[in-house]
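Just below is one structure, and these are the notes that go with it.
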Amino acid sequence: MSKVRIAGGSVLALLLAFMPLLVNNYVLQIFLLTITYAILGLSFALTLKVGLPRFDVAAWWGVGAYTTAMLMLKTGMSFWLATLIGGAISVLLGWLVFSVAIPRGMMVFLLFGMVLVLAFQQLFGTIPFFGGWGGTEVTPQPTIGSFTFANKTELYYMGLFFLGVTVVVYRLLYNSKIGRAWNAVGSSVKLASSLGINVVRYRLANVLIGNFFIAIAGSYLVAYTLVAVPDTFSFANSVYVMMYVVVGGLTHVLVGPLIGAVVITFIPEYLRVAKQFEPIITAVAIILIIILLPYGFLGFYDRRVKPWFVRKGWQGTRPDRQSEKTAATLLEIGRD
């Protein structure tokens, strides 16, 4: 199946590269949103690795967006430097909050996250410095030297860059020693602790890495909307992020959020429903998907399509060495 994956990956890469030539500006605008939501979904899936579902995604998304917008508007700072500072601030604030919340368990972590979303949204909306509920002033367009990211095609490729960096970094982490430790923590906190793994430290590192990339998604949002509006960073949008992962497939932490983001972003757009009915239609569609495909689209592939490939002899079977690698890594970490 490795050849099939390589071929599929090559076709997908070509499709993404030439997407602006294949679709109109309206569809390309939807893809800009999809890229943003995909980065958020990937970061949500990251924390699932350590058994911490998070509902605070919109809070750090807002921190990244507002930090970038304010630095560009108030100081004239470049978009790229403001983006990095937004990520750093998200990590710093996250460390101050979650170094208190994570040692106290999952429920405290979830409650802290819910409160943060509501608090940050009120903060952005009520303090005049941030522009109030109407949002910030229009920010300058991102530039590199004399080149300006002025149209949707250029912003699309910028988004692909951010998404590609996110996927590469997460993949490297998942395949590393720290990634296998995350798997152990997510599988059994007590077992991981008994083997000498510092569960709090690994969970905190996981969440803070996610915070950085969530903030990057906020900066990218500002790049193509040129504003930051408090209503965007609501608790409802944090719940939507969880749906990207569920619909795509919980067992596929890299590809699942990408597919989920595409499905959930395009459903309301192509149904062309009125704004007040959009959440209802989207919710019904998500419920139907979960009922008909309880393990997500990729879960359906694993359970139905992949066995068919095996029966047809299109895929060679090979033993799964992941558990052996994880066990060896746990012993190594325990000795550190």
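A short reminder: the numbers here are calculations on the coordinates, not readings from a lab. Small disclaimer: the values here were computed from a predicted structure and weren't measured. Cβ coordinates were reconstructed from backbone atoms using ideal geometry, including for glycine residues, and neighbour counts include every protein chain displayed.
Let me check I've understood the local charge: for Leu40, count other residues with C-beta under 13 angstrom from its C-beta, Lys and Arg +1, Asp and Glu -1. What total comes out? Display every interim value, and only then the final one.
Numbers: positive: Arg54; negative: Asp56.
Once positives and negatives cancel, what remains is 0.
What distance in nm separates the two pseudo spin-label positions at Phe266 and Val200, each 7 Å out from Cα along the beta-carbon direction?
Result for the modelled spin labels: 4.6 nm.
When a/c reaches 1.5 or more, the comparison of a/b and b/c decides; with that in mind, is the stretch 1-153 rounded, prolate or oblate per its Cα gyration tensor? Before the final figure, lay out the partial values.
Working: a/c = 2.23, a/b = 1.18, b/c = 1.90.
Oblate is the answer for the stretch 1-153, as a/c is 1.5 or above yet b/c matches or exceeds a/b.
So, counting K/R as plus one and D/E as minus one, what does the shell of residues with Cβ under 14 Å around Tyr220 add up to? If you can, show how the numbers build up before the last one.
Details: positive: Lys152; negative: Glu154.
That sum, taken over residues with Cβ under 14 Å, equals 0.
Quick one: length gained pulling Leu292 to Gln29 fully straight, 0.36 nm per residue minus the C-alpha distance?
On the way: separation 263, 0.36 × 263 = 94.68 nm, distance 2.94 nm.
Taking Leu292 through Gln29 to full extension adds about 91.7 nm, to one decimal.
Residue separation times 0.36 nm, minus the C-alpha to C-alpha distance between Val239 and Ala283: what's the value?
14.7 nm
If you average the sequence gap of Cα pairs under 8 Å that are 6 or more apart and divide by the length of the stretch 22-235, what percent do you get for the contact order? All intermediate terms of the calculation are to be shown ahead of the outcome.
Working: 303 pairs, mean separation 93.4, N = 214.
Once divided by the residue count of the stretch 22-235, the mean separation gives 44 percent.
Taking 0.36 nm per residue of separation and subtracting the Cα-Cα distance, what length does fully extending Ala88 through Thr126 add?
Details: separation 38, 0.36 × 38 = 13.68 nm, distance 2.40 nm.
The Ala88-Thr126 span can extend by a further 11.3 nm.
Would you pull out the residues with amide H under 5 Å of Gly135's amide H, same chain only if 5 or more places away, H placed 1.01 Å from N?
none
What dipole magnitude, in Debye to the nearest 20, does the stretch 22-235 give about its Cα centre under +1 on Lys/Arg Cβ and -1 on Asp/Glu Cβ?
Numbers: 11 positive and 4 negative charges, 173 e Å.
Roughly 840 debye for the stretch 22-235.
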